[in-house]
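Structure record follows, encoded as structure tokens.
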Amino acid sequence: MIILAVESSCDETSVAVVKDGKEVLSNVVNSQIDIHKKFGGVVPEIASRNHIINMTYVFKEAIKKANITHDDIDLVAVTHGPGLIGSLLVGINAASAYALSYDKPLIGIHHLKGHIYAANIDNDLKFPLIALLVSGGHTELIYMEDHGKYEILGETLDDAVGEAYDKVARMLDLGYPGGPIIDALAEKGKDTYNLTRPYLDKDEYMFSFSGIKSAVNNIIYHANRKGEEINKANLACSFQEAVIDVLIYKLKLAVKNYNVDNIVIAGGVAANKRLRQRVFKEIEGKNIIIPKMEYCTDNAAMIGAAAYYEYKKRGASKDYLIKGSSQLDL
Ligand code: KG4
Ligand code: ZN
């Protein structure tokens, strides 16, 4: 089955062609990072406008690179949430228009399911599994008994991990997006600031990252008042170690309590080098899948991968109205 997938929930305009949920024939990603950089974050209205500008070109490129014709496509899939509403609308309209024009069935895909199924592209998901989903908008621990069966065990009470990375980078004047910058800078520093590790003992699987963020803010504020220099590399390292301590602790707890052998770590923050390194070192004897870097951050291939299994479960529609809630199946 050949699926044409569209992703436009944030600031990446992406179209991919995926065969049988696994073989990526093309995955074109047009990132708007350079446009949003100067604002220190994604500006929703600007993101929507740029999706409109880029979408047709990205569509054509994806079909050309996959070396297929319109006739070869069996299903059109599109991220239908969660995300920036104006951005989502551009992708949904483009996918609907394409499906309507070429008389193809259409299926809406939850963005987070896409992130999880990114792990099924170069590997095979094995069940039951625990997925740690860490992105700019989400931090979730999910138990999956089988394909298409999701149970959210815990999530963040405030900031998502990626959001905390981006905000801390902004406080330190490091640029946007903060994740990859802090990742690289932290390598040069030491964990000297001894930041708080919130929610290690509370609410089991719930997360909270705004406390770590405020702690960084206080350190910068007091240093500025006293005219002291901040060691940015050490502060980046301390922030990163605190965050990863919490993520690994909660992940291990869920893996133990649910007695699973399989772990997936996905979402933009799963691209983090230190997280990848520590997870493999600190969690032994488990089958751990972290998608390739290019499938960690937002891309349409992961939506095509998820769509294959979602289609098998619930079919698709030709009425071009994307049904279903944007929640995971709870
Ligand atoms: O999954 P994603 O591309 O978009 C959302 O669905 O949110 O994730 C983007 C987030 C940003 O907050 C970015 O700073 C973070 O992922 N990120 C990283 C790294 N690369 C991207 N965070 C930590 N380390 C990285 N290497
Ligand atoms: Zn995402």
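State all residues of segment 262-274 that are away from ligand 2 (no atom under 16 Å from the Cβ) and closer than 20 Å to Ile142 by Cβ; if no residue qualifies, say none. Lay out the reasoning, then the answer.
Let us first name the residues in segment 262-274 that are away from ligand 2 (no atom under 16 Å from the Cβ), namely 262-263, 273-274.
Result: Asn262, Ile263.
Where residues in segment 143-173 are in contact (Cβ under 8 Å) with a residue 60 or more places away in the chain and within 14 Å of ligand 2 (Cβ to nearest atom), which of them is nearest to the chain's Cα centre (by Cα)?
Gly162
Only one of these is surrounded by fewer than 22 Cβ atoms within 10 Å (Cβ to Cβ) and within 16 Å of ligand 1 (Cβ to nearest atom): Arg278, Arg225, Arg197. Name it. Before the answer, list the steps.
Details: Arg225 fails: within 16 Å of ligand 1 (Cβ to nearest atom); Arg197 fails: within 16 Å of ligand 1 (Cβ to nearest atom).
Testing whether each residue is surrounded by fewer than 22 Cβ atoms within 10 Å (Cβ to Cβ) and within 16 Å of ligand 1 (Cβ to nearest atom) leaves just Arg278.
So that you can scan it fast, the table gives a plain yes or no per residue for (1) more than 15 Å from ligand 1 (Cβ to nearest atom); (2) in the same structural domain as Gly175 (by TED's automatic domain parsing); (3) under 16 Å from the mean Cα position of the chain (by Cα):
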{"residue": "Glu12", "(1), (2), (3)": "no, no, yes"}
{"residue": "Gly21", "(1), (2), (3)": "yes, no, no"}
{"residue": "Val28", "(1), (2), (3)": "yes, no, no"}
{"residue": "Gly40", "(1), (2), (3)": "no, no, no"}
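Please verify whether Ile219 is outside any helix (DSSP H, G or I) and in contact with a Leu (Cβ under 7 Å, 6 or more places away or on another chain), treating the condition exactly as stated. Break it down stepwise before answering.
Numbers: outside any helix (DSSP H, G or I): no; in contact with a Leu (Cβ under 7 Å, 6 or more places away or on another chain): yes.
Answer is no for this residue.
Would you confirm whether any residue within segment 281-304 is away from ligand 2 (no atom under 14 Å from the Cβ), aromatic (Phe, Trp, Tyr) and either out of contact with any His (no Cβ under 7 Å at 6 or more places or on another chain) or touching a residue at least 60 places away in the same chain (Cβ under 8 Å) (or both)?
There is no residue in segment 281-304 that is away from ligand 2 (no atom under 14 Å from the Cβ), aromatic (Phe, Trp, Tyr) and either out of contact with any His (no Cβ under 7 Å at 6 or more places or on another chain) or touching a residue at least 60 places away in the same chain (Cβ under 8 Å) (or both).
From Lys37, Lys22, which residue is basic (Lys, Arg) and over 26 Å from Asn120 (Cβ atoms)? Steps first, please.
Numbers: Lys22 fails: over 26 Å from Asn120 (Cβ atoms).
Result of the check over Lys37, Lys22: Lys37.
Quick test for you: out of Glu45, Glu23, Glu61, pick the one residue that is among the acidic types (Asp, Glu), touching a Gly at 6+ places or on another chain (Cβ under 9 Å) and farther than 23 Å from Ser317 by Cα. So that I can check it myself, show each step before the final result.
On the way: Glu23 fails: touching a Gly at 6+ places or on another chain (Cβ under 9 Å); Glu61 fails: touching a Gly at 6+ places or on another chain (Cβ under 9 Å).
Every option except Glu45 fails the conditions.
Within segment 267-281, is even one residue more than 25 Å from Lys167 (Cα to Cα) and at pLDDT below 95? Give the steps one after another, and end with the answer.
Going through segment 267-281, the residues more than 25 Å from Lys167 (Cα to Cα) turn out to be 280-281.
Still in the running and at pLDDT below 95: none.
There is no residue in segment 267-281 that is more than 25 Å from Lys167 (Cα to Cα) and at pLDDT below 95.
Lys213 passes all but one of (1) crowded, with 17+ Cβ neighbours inside 10 Å; (2) over 14 Å from Ser238 (Cβ atoms); (3) of a type in the set (D, E, K, R); which number fails?
(2)
The values are calculated or read from the model by the stated rules, or taken from the named source; none is laboratory data. All values derive from a computational prediction rather than experimental measurement. Ideal geometry is used to build each Cβ from the backbone, glycine not excepted, and the neighbour counts take in all protein chains shown.
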